[in-house]
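Colleague: This structure is in structure tokens; I'll ask about it shortly.
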Amino acid sequence: MSKRDYYEILGVQRGAPIEVLKQAYRKLAKECHPDRNSGDPDAERRFKEVNEAYDVLKDDQKRAAYDRFGHAAFENGMGRGQAGFDFSGSFADVFDDLFGEFMGRRPQGGRSRGADLRYDLEITLEDAYRGRQATIDVPTSITCEPCHGTGAASGSSPVACQTCNGQGRVRAAQGFFTIERTCPACQGQGRVIRDPCAVCSGAGRIRRTRTLSVSIPAGVEDGTRIRLAREGEAGMRGAPPGDLYIFLSLKPHTLFEREGADLHCRVPISFPRAALGGEIEVPTLEGVNTKVAIPAGTQTGRRFRLRGKGMPVLHSSQHGELYVTAFVETPVNLTKRQKELLAEFASLCPPEDHQPESAGFFAKVKDFFSELSGD
């Protein structure tokens with residue numbers, strides 16, 4: 001009888017990433033586990049079949065060989081075929097994958113790294129434009145100096161746990177299975193402290209607030225994450241520290257709105273300047289104003305593009321654009337003379353000649369009412 005394709009057994013496509021393989025494997029291994037299918041004599045065969053497929057596909061070298069040669073890659077001693085399947089060795093992998101993360105399992109020797117930390121940092125748009133060095137205070141755990149992270153008092157040192165012989169894990173037979181779990185005596189550390197340090201009480205670390213300098217590159221966006229390796233919490237009893245992740249958020253700006261590498265600015269223009277044309281000065285994040293030519297007859301909403309005046313692109317010499325949107329202000333608090341002049345101006349400006357948008361709009365209104373009345 002020919003053997004089934006390993007990908008078919010796990011129900012995944014060729015080229016599936018390891019995360020997809022592991023998810024499919026866990027589901028199938030639980031479904032066809034012999035203990036959950038005591039009335040099904042075929043359960044053990046299917047369980048072995050699933051584990052054999054996963055045992056090959058989870059290993060990059062075995063998977064490459066299988067993808068090229070199929071089952072023939074593991075015949076004649078070339079690998080683990082079904083006839084030579086090492087069930088006891090594979091079962092340890094099965095248990096680790098299914099239950100290890102839920103049992104508090106730790107690496108051999110117990111040197112699990114410290115926790116990663118998150119720090120939220122709010123910066124200004126100017127900071128994101130120029131880049132800057134920021135100083136932050138991070139509450140964290142640091143290595144205890146008196147005991148140098150060992151957790152043991154001066155003149156003493158941790159000793160190997162007698163319960164697990166320094167392995168951090170113990171095994172117990174339970175019917176058909178051999179279950180491996182975290183050693184309860186040393187909590188997976190593999191070592192116990194007879195004489196704990198008085199400063200850290202045997203933990204090997206203490207709580208402190210650290211002051212760190214963070215380099216913020218020009219061009220960062222809202223939500224950018226900066227990783228500082230080994231700046232997280234110190235590990236227990238000399239284990240390596242975790243990492244510190246800094247998440248950036250940008251304060252709203254009073255003048256500019258950001259869209260990727262582009263900036264947008266809304267600039268008021270007086271009625272006479274919009275009508276007659278001229279120049280206006282527009283601020284930039286460079287700290288200087290730049291002149292923009294306004295053509296005669298400019299309407300509200302007209303947009304002007306200033307090339308290269310936007311935000312820098314992260315890790316690049318390029319810059320985005322600055323878009324200036326004009327809005328024409330209606331004059332207020334007019335004097336009697338100003339009102340007279342505007343009234344005279346209005347009498348000299350028929351809409352069809354000087355207000356094309358109004359003329360076009362009211363022409364459409366006239367057509368609309370004509371259609372309603374059936375004329």
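Colleague: Working carefully through the options 327, 361, find the one that is farther than 30 Å from residue 223 by Cα and part of a helix (DSSP H, G or I). Show your work before the answer.
Modeller: On the way: 327 fails: part of a helix (DSSP H, G or I).
So the residue among 327, 361 that is farther than 30 Å from residue 223 by Cα and part of a helix (DSSP H, G or I) is 361.
Colleague: So residue 185 passes all but one of these: (1) touching a helix residue (DSSP H, G or I) at 6+ places or on another chain (Cβ under 7 Å); (2) at pLDDT below 90; (3) farther than 20 Å from residue 155 by Cα; (4) open to solvent by 20 Å² or more (accessible area, probe 1.4 Å). Which condition number does it fail?
Modeller: (1)
Colleague: Additional query: Can you find even one residue in segment 221-240 that is outside any loop (DSSP other than H, G, I, E, B), in contact (Cβ under 8 Å) with a residue 60 or more places away in the chain and among the acidic types (Asp, Glu)?
Modeller: Among the residues of segment 221-240, not one is outside any loop (DSSP other than H, G, I, E, B), in contact (Cβ under 8 Å) with a residue 60 or more places away in the chain and among the acidic types (Asp, Glu), which makes the answer no.
Colleague: Could you list, in sequence order, the residues of segment 284-309 that are touching a Ser or Thr at 6+ places or on another chain (Cβ under 9 Å) and either buried (at least 16 other Cβ atoms within 10 Å of the Cβ) or touching a residue at least 40 places away in the same chain (Cβ under 8 Å) (or both)?
Modeller: 284, 302, 304, 306, 309
Colleague: Related question: List, please: which pairs have Cβ atoms under 8 Å, are six or more places apart or on different chains, and start with a residue in segment 1-30 that is more than 13 Å from residue 66 (Cβ to Cβ) and end with one that is open to solvent by 70 Å² or more (accessible area, probe 1.4 Å)?
Modeller: 30/36
Colleague: Whether any residue in segment 49-72 is open to solvent by less than 80 Å² (accessible area, probe 1.4 Å), outside any helix (DSSP H, G or I) and modelled with pLDDT under 80 is what I want to check.
Modeller: No, segment 49-72 has no match at all.
Colleague: On to the next question. Which members of segment 1-34 meet the condition of being surrounded by 12 or more Cβ atoms within 10 Å (Cβ to Cβ) and either over 20 Å from residue 57 (Cα atoms) or in contact with a Ser or Thr (Cβ under 7 Å, 6 or more places away or on another chain) (or both)?
Modeller: 34
Colleague: Mind counting the residues in segment 331-342 that are surrounded by 10 or more Cβ atoms within 10 Å (Cβ to Cβ) and over 13 Å from residue 275 (Cβ atoms)?
Modeller: Number of matching residues: 5.
Colleague: In addition: I'd like the residue in segment 215-232 that is touching an Asp or Glu at 6+ places or on another chain (Cβ under 8 Å) and open to solvent by 30 Å² or more (accessible area, probe 1.4 Å) and, out of all such residues, is farthest from residue 128 (Cα to Cα).
Modeller: Top of the filtered list is 230.
Colleague: Of everything in segment 320-362, what is within 59 Å of the chain's Cα centre (by Cα) and aromatic (Phe, Trp, Tyr)? Give them in sequence order.
Modeller: Residues satisfying the conditions are 323, 327, 361, 362.
Colleague: Sort out which residues of segment 116-130 are open to solvent by 20 Å² or more (accessible area, probe 1.4 Å) and either among the polar types (S, T, N, Q) or not in a strand (DSSP E or B) (or both), and write them in order of number.
Modeller: We begin by selecting, within segment 116-130, every residue open to solvent by 20 Å² or more (accessible area, probe 1.4 Å); these are 116-122, 124, 126-127, 129-130.
Listed by number, the residues that qualify are 116, 124, 126, 127, 129, 130.
Colleague: Now, a different point. Somewhere in segment 343-363, is a residue among the polar types (S, T, N, Q) and either modelled with pLDDT of 95 or more or within 30 Å of residue 125 (Cα to Cα) (or both)?
Modeller: Checked segment 343-363: no residue is among the polar types (S, T, N, Q) and either modelled with pLDDT of 95 or more or within 30 Å of residue 125 (Cα to Cα) (or both).
Listed here are the residues, each with its yes/no results for (1) under 30 Å from residue 317 (Cα atoms); (2) buried (at least 17 other Cβ atoms within 10 Å of the Cβ); (3) modelled with pLDDT of 90 or more.
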{"site": "78", "(1), (2), (3)": "no, no, no"}
{"site": "83", "(1), (2), (3)": "no, no, no"}
{"site": "101", "(1), (2), (3)": "no, no, no"}
{"site": "107", "(1), (2), (3)": "no, no, no"}
{"site": "110", "(1), (2), (3)": "no, yes, no"}
{"site": "135", "(1), (2), (3)": "yes, no, yes"}
{"site": "143", "(1), (2), (3)": "no, yes, yes"}
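Colleague: I'd like to check something: does segment 233-250 contain any residue that is at pLDDT below 95, closer than 20 Å to residue 121 by Cβ and open to solvent by 60 Å² or more (accessible area, probe 1.4 Å)?
Modeller: Within segment 233-250, none of the residues are at pLDDT below 95, closer than 20 Å to residue 121 by Cβ and open to solvent by 60 Å² or more (accessible area, probe 1.4 Å).
Colleague: Any residue that is crowded, with 19+ Cβ neighbours inside 10 Å and part of a loop (DSSP other than H, G, I, E, B) - is there at least one of those in segment 205-214?
Modeller: no
Colleague: Let me ask you something else. Taking segment 35-47 as the region of interest, how many residues are open to solvent by less than 20 Å² (accessible area, probe 1.4 Å) and free of Cβ contacts under 8 Å to residues at least 12 places away in the same chain?
Modeller: Residues flagged as open to solvent by less than 20 Å² (accessible area, probe 1.4 Å) and free of Cβ contacts under 8 Å to residues at least 12 places away in the same chain within segment 35-47 amount to 1.
Colleague: Restricting to segment 188-204, name every residue that is open to solvent by 40 Å² or more (accessible area, probe 1.4 Å) and either in a strand (DSSP E or B) or of a type in the set (Ser, Thr, Tyr) (or both).
Modeller: In the first step, residues of segment 188-204 are kept if they are open to solvent by 40 Å² or more (accessible area, probe 1.4 Å); the result is 191, 194-196, 198-199, 201.
Listed by number, the residues that qualify are 191, 196, 201.
Colleague: Next question. Out of all the residues in segment 155-182, which are open to solvent by less than 80 Å² (accessible area, probe 1.4 Å) and among the charged types (D, E, K, R)?
Modeller: Once the filter is applied, which keeps residues that are open to solvent by less than 80 Å² (accessible area, probe 1.4 Å) and among the charged types (D, E, K, R), segment 155-182 yields 169, 180.
Colleague: Additional query: If residue 372 passes every condition in (1) of a type in the set (A, V, I, L, M, F, W, C); (2) free of Cβ contacts under 8 Å to residues at least 40 places away in the same chain; (3) more than 23 Å from residue 269 (Cα to Cα); (4) not in a helix (DSSP H, G or I) but one, which one does it miss?
Modeller: Of (1) of a type in the set (A, V, I, L, M, F, W, C); (2) free of Cβ contacts under 8 Å to residues at least 40 places away in the same chain; (3) more than 23 Å from residue 269 (Cα to Cα); (4) not in a helix (DSSP H, G or I), only one is false for residue 372: (4).
The values are calculated or read from the model by the stated rules, or taken from the named source; none is laboratory data. The structure displayed is predicted, hence computed values, not measured ones. Glycine gets a Cβ as well: all are built from the backbone with ideal geometry, and neighbour counts include every protein chain shown. Please note that ligands, DNA and RNA were not included when accessible areas were found on the heavy atoms of the full protein model with its side chains. Shrake-Rupley method; radii C 1.70, N 1.55, O 1.52, S 1.80 Å.
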